[in-house]
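In what follows, a single structure is set out as structure tokens and then discussed.
The values are calculated or read from the model by the stated rules, or taken from the named source; none is laboratory data. Please read all numbers here as calculations on a predicted model, not as lab measurements. Backbone-built Cβ (ideal geometry, glycine too); neighbour counts: all protein chains shown.
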Amino acid sequence: MIKFGPSGNSESFFAEGHKSTVEAAKWLKDRNLDVFEYPFGRGVNIGKSTAAEIGKNFAENGIEVSVHAPYFINFANPDPEKAENSKGYLLQSLEALSALGGERAGFHPGTEGKRPREEGVELIKRRLKEFMSLKKDAGFENKIICAETMGKFAQIGTVEEVAEFCNVDESIYPCVDFGHVNARTLGSLKTAKDYENVILYLQNAIGTEKTKRMHVHFSKIMYSAKGEVKHLTFADDVYGPKFEPLAEVLVKYNLEPVILSESQGTQAEDAATMKRIYFEKLSKTL
């Protein structure tokens, strides 16, 4: 079943007097949302007891939980010690995910650096294979890790590269950040056909099941000649991309992703907007 929700808490959550994600589950349920992504961008800084309490509240309110691993993960780092640290950060994310009662962890694959890009891609694939053994030994064999498409040219994470990473192991799914894809391609996502091309590529490259159940990040993003600059809100009418044509494609192909809004400060509100748009499109086909 398709699900919509925010990555992190909206500004309105705190403006209403809430202090902690422990209080977020009912707040999201009251807004008819289905999922919450806990961002560990600057490190996994949650205790097991707190994670268990949050997970309990979300389960009781029927809200799925995912996590986003630290941004400084870089499986393409030429320094073996730093690469091992990246494995550790992702493993810590899975530990927190397990305590929260979730299934999915998104992560950034790595950056190009000074070596040829192809070498970085191959290094990421090799280190992901190595990570799978650690993941299994730690008891997280059934957890899904989601390799994210990235928005800056220097970052490894085109749609094609992410598909390669997904083929390393059955538990690696794509995290398609359509805002990143649009920023990296300097505004290529305008029509339903543009989105459809991405979906058809993924279906061919990684199969229909992973594509159907993919992880999705969505927000409008400012970009420059080097790609992503910053996340915006749905109020932006300059950079895009727009969600409406993607919703058409989701309905057409009967896709059931987890869709997280990463809008700047209005992520819950924009997630609710996406859910409304999707079900409006769906209702026209019934």
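For region 72-80, indicate whether the set of residues that are modelled with pLDDT under 95, farther than 18 Å from residue 145 by Cβ and acidic (Asp, Glu) is non-empty. For region 72-80, residues modelled with pLDDT under 95, farther than 18 Å from residue 145 by Cβ and acidic (Asp, Glu): present. Considering the conditions (1) among the hydrophobic types (A, V, I, L, M, F, W, C); (2) out of contact with any Cys (no Cβ under 9 Å at 6 or more places or on another chain); (3) over 21 Å from residue 28 (Cβ atoms), residue 214 is excluded by exactly one of them, (2). Reported count of residues in region 143-198, each being touching a Ser or Thr at 6+ places or on another chain (Cβ under 8 Å) and polar (S, T, N, Q), is 4.
Looking at region 250-280 only, could you name the residues that are among the aliphatic types (A, V, I, L, M) and part of a helix (DSSP H, G or I)?
Here is the first cut: in region 250-280, the residues among the aliphatic types (A, V, I, L, M) are 250-251, 255, 258-260, 268, 271-272, 274, 277.
Across region 250-280, the qualifying residues are 250, 251, 268, 271, 272, 274, 277.
Entry remark, region 4-30: residues being surrounded by fewer than 19 Cβ atoms within 10 Å (Cβ to Cβ) and either modelled with pLDDT of 95 or more or in a helix (DSSP H, G or I) (or both) number 12 in total.
Of the numbered criteria (1) in contact with a Pro (Cβ under 9 Å, 6 or more places away or on another chain); (2) of a type outside the set (S, T, N, Q); (3) assigned to a loop (DSSP other than H, G, I, E, B), the one residue 239 fails is (1). State all residues of region 57-97 that are within 25 Å of residue 30 (Cα to Cα) and either assigned to a loop (DSSP other than H, G, I, E, B) or not aromatic (Phe, Trp, Tyr) (or both); if no residue qualifies, say none. Selection gives 57, 59, 60, 61, 62, 63, 64, 65, 66, 67, 68, 97. Starting from residues that are under 10 Å from the mean Cα position of the chain (by Cα) and closer than 10 Å to residue 109 by Cβ, keep the ones in region 144-166 and report whichever is surrounded by the fewest Cβ atoms within 10 Å (Cβ to Cβ). Taking the candidates together, the pick is 148. So, residue 44, is that one assigned to a loop (DSSP other than H, G, I, E, B), touching a helix residue (DSSP H, G or I) at 6+ places or on another chain (Cβ under 8 Å) and under 25 Å from residue 107 (Cβ atoms) or not? When the stated conditions are applied, residue 44 passes them.
Quick one: in region 204-236, of everything that is hydroxyl-bearing (Ser, Thr, Tyr) and free of Cβ contacts under 8 Å to residues at least 12 places away in the same chain, which residue is surrounded by the most Cβ atoms within 10 Å (Cβ to Cβ)? Give the steps one after another, and end with the answer.
Going residue by residue through region 204-236, those that are hydroxyl-bearing (Ser, Thr, Tyr) are 208, 211, 219, 223-224, 233.
Restricting the remaining residues to those that are free of Cβ contacts under 8 Å to residues at least 12 places away in the same chain gives 208, 224.
Details: 208: 14, 224: 10.
So, considering only residues that are hydroxyl-bearing (Ser, Thr, Tyr) and free of Cβ contacts under 8 Å to residues at least 12 places away in the same chain, the one surrounded by the most Cβ atoms within 10 Å (Cβ to Cβ) is 208.
Looking only at residues in region 167-188 that are closer than 18 Å to residue 86 by Cβ and in contact (Cβ under 8 Å) with a residue 40 or more places away in the chain, the one that is surrounded by the most Cβ atoms within 10 Å (Cβ to Cβ) is 175. Scanning region 98-143 for residues that are outside any helix (DSSP H, G or I), crowded, with 23+ Cβ neighbours inside 10 Å and of a type in the set (A, V, I, L, M, F, W, C) yields 105, 107. Could you please let me know if residue 86 is closer than 29 Å to residue 116 by Cα, touching a residue at least 12 places away in the same chain (Cβ under 8 Å), buried (at least 18 other Cβ atoms within 10 Å of the Cβ) and not aromatic (Phe, Trp, Tyr)? Criteria met by residue 86.
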